[in-house]
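Quick notes on the structure that follows.
The values are calculated or read from the model by the stated rules, or taken from the named source; none is laboratory data. For clarity, every value in this text was computed on a predicted model and none was experimentally measured. Note that we place each Cβ from the backbone using ideal geometry, even for glycine, and neighbour counts take in every protein chain shown.
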Amino acid sequence: MTAHLLTSAQMARFVAHGFLRLDAVVPDDLNERAVDVLTAGIPAVPYGTPVAEAFPEGSLPRRLVAVPEVAGALHSLVGPEPRIDHHAVHVREPGQGSAQPLHGDAIIDVRPDAFDVQLMYYPREVTLAAGGTLIVPGSHLRRTNESDTGRYQNIRGQHRLTCPAGTVVILHHGLWHGGRRNDGGERRYMFKIRFNPTVRQRLLWDTRDLADPAVAEELRTQFPWYEQATGRLELHNRVRLWRALTGDDTFDLDHWVTRVTNRPTRAAA
Amino acid sequence: MSGTELRQRVLVLYLSTSALDSPTVGWANYDGTGATSPTTGDGDEPPYPDGVAALRDGWRLIQAAQLIPPYPGHEYDVSFLKHEFLFEKLVEAPGRAA
């Protein structure tokens, strides 16, 4: 497990981007079996079911979350023994006429020190024509409710997912995304599982590189769609999230949070 | 009978600042003629680099987002794109059969 935990730099990248890509990490035998399993459907489970109770040993979902890279990422992000919020099979038929509006899942969710993640598994290659998931990097800290963002058709720097078979993408619950129109000739499959943490999400990853300058570099990432002024607030808000994830209340980037919280109480001599 | 009638095309641009000549960061199109069906995630390149470029191409600005101060206590919140500009073009399109 330790070998596949995320590094601090990778965690910082998740805090900045709001998602993590694990390309082609699922073995071929599982990918080949997946289409039949997803077509047949995977029984729903009650909200909050532990993984071990939700999926039988040897089942596709159980094997999926045990793929070392997937297990390491999930442990790093939500800790051990997360609960299954819900899961869903998404199938987009070829020629299907409309895309989903850009949205965040569930309802507006502004927890400052905790987050759910959504695992998206693509058992087959996704091409641009097949209309993979649309993701807006760095949108996860925006406080918007579900599909109220539907007017935004395109955003500079958006990520129109194309990927090899066996790819897993893990999203922060707030990330703006949507299923694109499938203009290709084949069905597109995606299996989603939402995980709820059951422990405090603090230092759950491989922290040996916590002081590496790469952490701050990742957290400073700007995206082409950020407005000039609001882009600065994004950095401020990432600092606050990083402080929550590390327990380090002195961490900052370029004084953004320190400056605006400086209210000295010491009387002048 | 059929002829041509005026139909509205709507362009929405989201800009980097409240200035109409600042860079485009997001966009949407809606076509009242029915000739095209723009949708979510259908392109990575903005139709215009900024709002003024749209004016120069004949789009008429019909609405600009108001500048609203943050609510007290929510100064650091980030939410919707702030600088939204709506444009229209009136174009001739085949009329409906009577």
Verdict on residue A:210 being at pLDDT 95 or above, more than 12 Å from chain B (Cβ to nearest Cβ) and crowded, with 21+ Cβ neighbours inside 10 Å:
no
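Being surrounded by 18 or more Cβ atoms within 10 Å (Cβ to Cβ) and either within 11 Å of chain B (Cβ to nearest Cβ) or within 25 Å of residue A:47 (Cβ to Cβ) (or both) is the filter here, so list the residues in region A:87-97 that pass it. Spell out the reasoning first.
Quick first cut of region A:87-97, residues surrounded by 18 or more Cβ atoms within 10 Å (Cβ to Cβ) only: A:87, A:92.
Across region A:87-97, the qualifying residue is only A:87.
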Hits in region A:143-158 - residues which are more than 7 Å from every other protein chain (Cβ to nearest Cβ) and in contact (Cβ under 8 Å) with a residue 60 or more places away in the chain:
A:157
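Matching residues to (1) within 19 Å of residue A:176 (Cβ to Cβ); (2) not assigned by TED's automatic domain parsing to the domain that holds residue A:190; (3) not aliphatic (A, V, I, L, M):
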residue	(1), (2), (3)
A:72	no, no, yes
A:82	no, no, yes
A:89	no, no, no
A:93	no, no, yes
A:96	no, no, yes
A:102	yes, no, no
A:121	no, no, yes
A:131	yes, no, yes
A:135	yes, no, no
Given the conditions (1) in a loop (DSSP other than H, G, I, E, B); (2) under 17 Å from the mean Cα position of the chain (by Cα); (3) at negative phi; (4) within 12 Å of chain B (Cβ to nearest Cβ), report the number of the one that residue A:100 does not fulfil.
(2)
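Would you be able to tell me the number of residues in region A:149-166 that are in contact with a Pro (Cβ under 9 Å, 6 or more places away or on another chain) and either on the phi < 0 side of the Ramachandran plot or hydrophobic (A, V, I, L, M, F, W, C) (or both)? Quick ask: steps written out before the conclusion?
Going residue by residue through region A:149-166, those that are in contact with a Pro (Cβ under 9 Å, 6 or more places away or on another chain) are A:149-159, A:165-166.
Okay, now just the ones that are also either on the phi < 0 side of the Ramachandran plot or hydrophobic (A, V, I, L, M, F, W, C) (or both), so A:149-156, A:158-159, A:165.
Total meeting the criteria: 11.
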Out of (1) at pLDDT below 95; (2) more than 20 Å from residue A:223 (Cβ to Cβ), the odd one out for residue A:192 is which?
(1)
Condition met for residue A:119 (aliphatic (A, V, I, L, M) and under 23 Å from residue A:244 (Cα atoms)):
yes
Can you tell me how many residues in region A:32-45 are within 26 Å of residue A:83 (Cβ to Cβ) and either part of a helix (DSSP H, G or I) or among the hydrophobic types (A, V, I, L, M, F, W, C) (or both)?
8
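Regarding residue A:111, is this residue under 22 Å from residue B:78 (Cβ atoms), in contact with a strand residue (DSSP E or B) (Cβ under 9 Å, 6 or more places away or on another chain), of a type in the set (Lys, Arg) and surrounded by fewer than 22 Cβ atoms within 10 Å (Cβ to Cβ)?
On the way: under 22 Å from residue B:78 (Cβ atoms): yes; in contact with a strand residue (DSSP E or B) (Cβ under 9 Å, 6 or more places away or on another chain): no; of a type in the set (Lys, Arg): yes; surrounded by fewer than 22 Cβ atoms within 10 Å (Cβ to Cβ): yes.
No; evaluated as a whole, the condition is false for this residue.
Being assigned to a strand (DSSP E or B) and not aliphatic (A, V, I, L, M) narrows it down to one of A:105, A:85, A:113, so name that one. Steps first, answer last, please.
Working: A:105 fails: assigned to a strand (DSSP E or B); A:113 fails: assigned to a strand (DSSP E or B).
Step by step, each of A:105, A:85, A:113 is checked, and only A:85 is assigned to a strand (DSSP E or B) and not aliphatic (A, V, I, L, M).
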Selection within region A:119-143 - polar (S, T, N, Q) and crowded, with 22+ Cβ neighbours inside 10 Å:
A:133, A:139
Could you list all residues from region B:13-69 that are closer than 19 Å to residue A:98 by Cβ, free of Cβ contacts under 8 Å to residues at least 40 places away in the same chain and of a type in the set (Gly, Ala, Ser)?
B:28, B:37, B:41, B:43
